[in-house]
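I have placed the structure first, in the form of structure tokens, so that the comments after it can refer back to it.
The values are calculated or read from the model by the stated rules, or taken from the named source; none is laboratory data. Note that this is a predicted model, so its numbers are computed, not measured. We place every Cβ from the backbone using ideal geometry, glycine too, and count neighbours over all the protein chains shown.
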Amino acid sequence: MRLDRSKTFLGSFSYAAIARLKPGVTIAQADADVRARPPGRAPALPAVPGLQRQDVRGSAARAAASRSLKEDLVGEIGTVLWVLMGTIGMVLLIACANVANLLLVRAEGRQQELAIRAALGAGRGEIARELLLESVDARLARRRRRTRARVRRAAAADRARAGQSPAARRDLD
């Protein structure tokens with residue numbers, strides 16, 4: 001099958017490509033190089049119906065624009081992303097300060113107990129370790145209680161399903 005040049009038209013110049021620049025080459029130099037390239041096979045093909053060849057060639061030269069991949073992907077939203085990241089950091093900082101405050105309040109309520117432990121010879125490290133272990137132990141105990149409650153609810157739902165008709169069981173699922 002041969003290509004009939006009289007029926008093949010000059011196509012669109014809206015192609016995108018990704019390339020890596022040589023070290024030391026700027027984006028402006030690459031852009032100038034792309035604009036200076038010869039048109040290739042364009043002169044051998046007729047223009048698209050309704051357009052002049054000069055219009056197509058001129059728009060192709062104007063459309064050649066090189067930019068960094070980061071700029072193309074992120075674009076103008078980069079500053080918004082930095083603001084969002086800063087906001088998230090501030091929220092995390094406030095949450096950490098809140099947790100530290102809660103731990104200090106708990107320790108303040110137990111000041112007498114801690115003073116007695118210190119008087120009996122416990123060092124600061126031992127007392128801090130004891131408080132940390134109590135916090136972790138309390139967290140694990142809450143997690144165990146929640147897990148047991150979930151298991152009990154699932155067992156109750158299973159018992160309820162067992163005594164009902166198949167249609168009612170589908171409604172529970």
Taking segment 69-103, which residues are within 27 Å of Ala138 (Cα to Cα) and modelled with pLDDT under 85?
Leu103
Ala32 being among the aliphatic types (A, V, I, L, M), at pLDDT below 80 and surrounded by 10 or more Cβ atoms within 10 Å (Cβ to Cβ):
no
Cross-chain or 6+ apart pairs with Cβ under 9 Å, segment 132-159 first and over 30 Å from Ala100 (Cβ atoms), then surrounded by 10 or more Cβ atoms within 10 Å (Cβ to Cβ):
Ala157/Leu172
